[in-house]
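Accompanying notes for the structure given below.
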Amino acid sequence: MLFPTVDFAIFFVVVFAIAWTIRPYHLWWRVFLVAASWFFYGFWEPAFVLLLVGSTAANWAIGHDLSRMKDVEGRLNTPGRALLAFGVALNLATLGYFKYYGFFAEEINDLFGLVGAGEVIPLRQITLPVAISFFTFHAISYLVDIARNDIEEPMSPLDFSLYLSFFPHLVAGPIVRVTEFAPQIREPLGERLVLAVPAFQLIVFGLFKKVVISSYLANEIADPVFAAPGQYGSLEILVGVYAYAIQIFADFSGYTDIAIGCALLLGVKFPQNFDQPYRAFSLQDFWRRWHMTLSRWLRDYLYIPLGGNRGTKAFIYRNLALTMIFGGLWHGAALTFVAWGAIHGFGLVIERELRERYEGRLGRFAVVWQWLITFHVVCLAWIFFRAETFGTAWEMLWRVLTAWDGAGALSPLLLIVIAGSIAAQFLPDRLSGSLRISFSRLAPAAQAATLAVALVAIDILRPGGRLALHLLPVLR
Amino acid sequence: MVAMEPEPVEEQGLRVRAGRVLAVIAGALFIALLLNASELEREAKAKPLGTERDVWVGIWKPFATVSRSLYLDRPRAWADHALDRGGTGDVFELPPATATVAATPTAPAQLVRTPSAEEPLRIWIGGDSMMKVLGESFVREAGGSGLFDPVHEPQLESGLTRPDFFDWPRELNRLASVQPRYDVFVVMFGANDAQGIIEPNGTIHQVEGSAGWVAEYRRRVAGVMDLLRADGRLVVWVGQPVMRSDGLSDDMAMMNQVYREEAASRPWVRFVDLWPLFVDSEGDYNAYIADDDGETRLMRNPDGVHFVREGGDRAARAILKVIRAEAKVD
């Protein structure tokens, strides 16, 4: 089930009440959370639960064996390294089959088509199980952490099941590390204390971003502009791209904020996933603020194994570019996603070069330019991320520069929402802190009433049509 | 709680006992429920007829009654009214047609005028969720020539069986008389229509495809076709394509039959049959279909119902071909 639904609200209240009631019975508490997570996942398609359980069993067994295949210094021995490679490959192969089969089949057939061969690989549409991109990454990090001795001992089957399938992070992250997660579920209960106010804040604002802002911008301008750019002028396309930048931020950060809030209510603290990314003054800064748990996953399990920062400049640049390109492909099975990753990868490389040359020699107003350029490079990359084909992407870029007519699709409300959303990226943290403090001083009844009014207001402002809840490509 | 870590400053004093949190959450949802009960009841009533609907209606009804008697439903009602939101009852009422029709019933030589760059044909295209991607494709395909001026307004989850979710008769009646008027209407319904239907007299036909169901559905389809009629206006009725599920495919074929028959008796309506465009060489559903240029492309969404861009493009080209032929555009 999805977070912004009545089904989930009912599910969550029941889970919350039971989980805190049985919290002192540590074993049953974990058993219950695993069962609840599987129920949550099975709500989409019961058969997928088998995949989740299968992945859990296989990865736990591999992890268990890996932890015993080490030499005296704690490094993996040769069979251990082979098993690790097998485990990672198994995860990637499963993800690859479900997510990339169609992509590779089409590309390979096209290639063979050039030399006159027919359909070499049969074209079949494979249903992609929800959440597979995320539990695959969780599983890989677990195996690598064991190999690197980042985890002292492997998790019990029960704990590992909970780690992989814990429903708040199951579908769309954040990508939580074992070292963050395990201590929290091993913790014996002190008092039943909940960080409720920050959790409420995350959930309510997350819902608002996802259900109201993201859906409004998608329906109003982003979807139509990306579907038929030929119908729109320069200014409309530009605003459509800005709108998409806000839409994807509101959609994705909204969803993970709800996830973080729900976990917090159940007593588990997740890492932050978005930190006002559009206030970044460089691409490097952007990636410290955008989907932060994915960035660090890519850094720790791809960039560093590739060689990371150790080596010649060319070697480092190669690693940066490869990491971003792979990150692009993870978001979706199409070459446009590779282009998105490549723009960020090469952008980061160019940025490093420029920084080396001009660091400390910039004028007072350079920050304004840095912000503008960073935001527009990010937007340029979003065009390739969202466009269905390269043709559409090029058409949009061409029309932004040449089609100087028409602004009929732009309403004052639309411009206000976009400008307001960008301005909100610059709000100081203390503002939300003081909001929390004021809320926490309210009597419980007043808190309940405030939350209720917020929920109903979000429901009223929700654009019509339930399918308008835009699912990100990464949900799949 | 993470062990060993001192409590961050911003969290001091914010920890609350779980029982109290449960009270706040439950209280919030209860108040929200009272404020929103009429809407929840309305949405439950708009679900397909059957046990699930009855259960949800049964759950929300007492809350809605309490909410109304305490006037707690008023804020939401005012807000919906101010934003022009919300549906109407579950009776499908066809408003009297207001458009002008010549007294002579003979069909003109040309249904719709030939457009020029100065006066492009104004085309309204809409319908249910199938029309989301298809309509986007149509806007793109049609917009390029400068001879067509398309307006795309799909309503997700809508259809003709359940006006309580989205009142198409009211909306189409409004669109039919909008100025400057539309020269062409392209409509597509049916993907959400395979469910129980209620006659204006309250008779319920639970099973789609039964004689009573078809009669009521036919009345609605015919009514919408008549509603859109106007001199010099073409109505393009788009049929549903084959679906991955056999049951759904059978329902679509049954409804296509109704559309086809009703269109046949109305000279101003053209039925566009998408079915043959999306079956493979064996006549079955296939997500991959050989396109006009011979290349096999992915046409359908993983849900086995909706189009992806290529499928939308293929359907849009078929629709545009019919409009071009009627308007005598080369």
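No value in this document is a laboratory result; all are computed from the given coordinates. Fair warning: this is a prediction, and the values are worked out from it, not measured in the lab. Counting neighbours? That spans all protein chains shown, and the Cβs are built from the backbone with ideal geometry, glycine included.
Over all directions, average the projected area of the Cα convex hull of chain A and note it in nm².
27.1
For a Förster distance of 25 Å, can you work out the FRET efficiency between the beta-carbons of A:LEU27 and B:ALA26, rounded to the nearest 0.05?
Efficiency for this residue pair is about 0.40.
What is the gain in length, in nm to one decimal, between A:ARG364 and A:THR179 on full extension, counting 0.36 nm per residue of separation less the C-alpha to C-alpha distance?
Full extension of this stretch gives 62.3 nm more.
Once phi is turned into ³J(HN,Hα) by the Karplus curve 6.51 cos²θ - 1.76 cosθ + 1.60 with θ = phi - 60°, what whole-Hz value does each residue of the stretch B:261-270 show in order, with x for glycine and proline?
Rounded to whole hertz, the list is 5, 5, 5, 4, 8, 10, x, 8, 10, 10.
Evaluate 2.2 N^0.38 Å with N set to the residue count of chain B, then give the Cα radius of gyration divided by it.
Numbers: Rg = 24.3 Å, N = 330, 2.2 N^0.38 = 19.9 Å.
That ratio works out to 1.22.
Under a Cβ-only charge scheme (Lys and Arg +1, Asp and Glu -1), can you give me the dipole magnitude of the protein assembly as shown about the Cα centre, in debye to the nearest 20?
For the protein assembly as shown, the charge dipole is close to 2100 debye.
Taking amide H positions as placed in the peptide plane 1.01 Å from N, state which residues far from B:ARG270 in sequence (5 or more) or on other chains have amide H under 5 Å from it.
For B:ARG270, whose amide H was placed from the backbone, the distant partners under 5 Å are B:VAL235, B:VAL236, B:TRP237.
Using the Karplus curve 6.51 cos²θ - 1.76 cosθ + 1.60 with θ = phi - 60°, work out ³J(HN,Hα) for each residue of the stretch B:31-47 in order, rounded to whole Hz, and write x for Gly and Pro.
5, 4, 4, 5, 5, 10, 4, 5, 5, 4, 5, 5, 5, 5, 5, 7, 5
If you wrap a convex hull around the alpha carbons of the stretch A:241-354, what volume per residue comes out, as a whole number of Å³?
Looking at the stretch A:241-354, the number lands at 118 Å³ per residue.
Cross-link list A:LYS269/B:LYS61; A:LYS99/B:LYS321; B:LYS132/B:LYS321; A:LYS210/B:LYS132; B:LYS45/B:LYS132: which exceed 27 angstrom alpha carbon to alpha carbon?
Working: A:LYS269/B:LYS61 38 Å; A:LYS99/B:LYS321 36 Å; B:LYS132/B:LYS321 20 Å; A:LYS210/B:LYS132 20 Å; B:LYS45/B:LYS132 25 Å.
The answer is A:LYS269/B:LYS61; A:LYS99/B:LYS321.
Can you tell me which of B:ARG233, B:ARG68, B:ARG314 moves the most in a GNM of chain B? Springs connect C-alpha atoms under 10 Å apart.
B:ARG68
With contacts defined as alpha carbon pairs under 8 Å and 6 or more residues apart, what's the relative contact order of chain A in percent?
Taking the mean separation of contacting Cα pairs over the length of chain A, I get 18 percent.
Taking amide H positions as placed in the peptide plane 1.01 Å from N, state which residues far from A:LEU195 in sequence (5 or more) or on other chains have amide H under 5 Å from it.
B:VAL16
About the Cα centre of chain A, what is the dipole size in debye to 20, counting +1 per Lys and Arg Cβ and -1 per Asp and Glu Cβ, all else neutral?
Numbers: 36 positive and 34 negative charges, 207 e Å.
Dipole size: approximately 1000 debye.
In whole angstrom, how far apart do the alpha carbon centroids of the stretch A:358-386 and the stretch B:198-277 sit?
Here the two parts' Cα centres lie 54 Å apart.
Taking the DSSP beta bridges in the protein assembly as shown as the whole, what percent of them are antiparallel, to the nearest 5?
For the protein assembly as shown, the DSSP antiparallel bridge percentage is about 35.
Along the charge dipole of the stretch B:121-326, which of B:GLY283, B:LEU298, B:GLY143 sits closest to the positive end, that is, farthest toward it, with unit charges on the beta carbon of Lys, Arg, Asp and Glu (+1, +1, -1, -1)?
Farthest towards the positive end: B:GLY143.
Starting from the Cα gyration tensor of the stretch A:6-186, take the square roots of the eigenvalues, sort them a ≥ b ≥ c, and report rounded, prolate or oblate (rounded when a/c is under 1.5, otherwise prolate if a/b is larger than b/c, else oblate).
Oblate shape, in that a/c is at least 1.5 and b/c is the bigger or equal ratio.
Give me the dipole magnitude in Debye, nearest 20, for chain B about the Cα centre, with unit charges on the beta carbon: positive for Lys and Arg, negative for Asp and Glu.
940
Step by step: find N for the stretch A:202-290, compute 2.2 N^0.38 Å, then divide the Cα radius of gyration by it. What's the final number?
Here the answer is 1.26, to two decimals.
Based only on the alpha carbon positions, what is the Kirkwood hydrodynamic radius of the stretch B:9-82, in angstrom?
In the stretch B:9-82 this quantity evaluates to 14.2 Å.
Among A:ILE343, A:VAL211, A:ALA245, which residue has its Cα positioned farthest towards the positive end of the charge dipole of the stretch A:203-349, with +1 placed on the Cβ of Lys and Arg, -1 on the Cβ of Asp and Glu, and the dipole taken about the Cα centre?
Looking along the dipole axis, the top candidate is A:ILE343.
Relative contact order for chain B: what is it in percent, counting Cα pairs under 8 Å that are at least 6 residues apart?
17
So if we plug the beta-carbon distance of A:PHE315 and A:ILE373 into 1/(1 + (r/R0)^6) with R0 = 30 Å, what FRET efficiency do we get, rounded to 0.05?
Plugging the Cβ-Cβ distance into 1/(1 + (r/R0)^6) gives 0.65.
Rounded to a whole number of µm²/s, how large is the Stokes-Einstein D of the protein assembly as shown at 10 °C and 1.306 mPa s, given Rh as the Kirkwood radius over C-alpha pairs? Numbers along the way, then the final one.
Numbers: Rh = 29.2 Å.
Translational diffusion coefficient: 54 µm²/s.
Would you calculate the separation in nanometres between label points at B:ASN201 and A:TRP398, each defined as 7 Å from the Cα along the Cα-to-beta-carbon direction?
Those two pseudo-labels are separated by 6.1 nm.
Any idea how far the Cα center of the stretch A:305-328 sits from the one of the stretch A:47-108, in Å?
Computed from Cα coordinates, the inter-centre distance equals 23 Å.
When a/c reaches 1.5 or more, the comparison of a/b and b/c decides; with that in mind, is the stretch B:198-330 rounded, prolate or oblate per its Cα gyration tensor?
In terms of gyration-tensor shape, oblate.
Return the sequence-ordered ³J(HN,Hα) values of the stretch A:44-61 in whole Hz as given by the Karplus equation 6.51 cos²θ - 1.76 cosθ + 1.60 applied to θ = phi - 60°, using x for Gly and Pro.
6, 6, x, 4, 5, 4, 4, 4, 4, 5, x, 4, 4, 4, 5, 5, 5, 4
Tell me, how many Å apart are the Cα centres for the stretch B:138-164 and for the stretch A:110-132?
32
Can you give me the orientation-averaged projected area of the convex hull built on the Cα atoms of the stretch A:108-150, in nm²?
Values: hull surface 20.4 nm².
Dividing the Cα hull surface by four gives the mean projection, 5.1 nm².
Could you grab the relative contact order for the stretch A:249-355? Cα pairs under 8 Å, six or more apart, rounded to a whole percent.
17 percent.
Give me the orientation-averaged projected area of the Cα convex hull of the stretch A:196-471, in nm², one decimal. Before the final figure, lay out the partial values.
On the way: hull surface 69.0 nm².
So the Cα hull casts an average projection of 17.3 nm².
Any idea what angle helix B:51-69 forms with the longest principal axis of chain B, computed on alpha-carbon atoms, 0 to 90 degrees, nearest 10?
60
Determine the shape class of the stretch A:297-408: with a ≥ b ≥ c the square roots of the Cα gyration tensor eigenvalues, call it rounded for a/c under 1.5, and otherwise prolate if a/b is greater than b/c, oblate otherwise.
Oblate shape, in that a/c is at least 1.5 and b/c is the bigger or equal ratio.
For the protein assembly as shown, what does -39500 (n - 2.57) per DSSP helix run (n ≥ 4), summed and divided by total residues, give at 222 nm, in deg cm²/dmol to the nearest 500?
On the way: 28 runs with 446 residues, N = 806.
Result for the protein assembly as shown: -18500 deg cm²/dmol, rounded to the nearest 500.
Can you give me the long-range amide H partners of B:PHE148? Hydrogens built in the peptide plane at 1.01 Å from N, cutoff under 5 Å, separation of 5 or more residues or another chain.
B:LEU121
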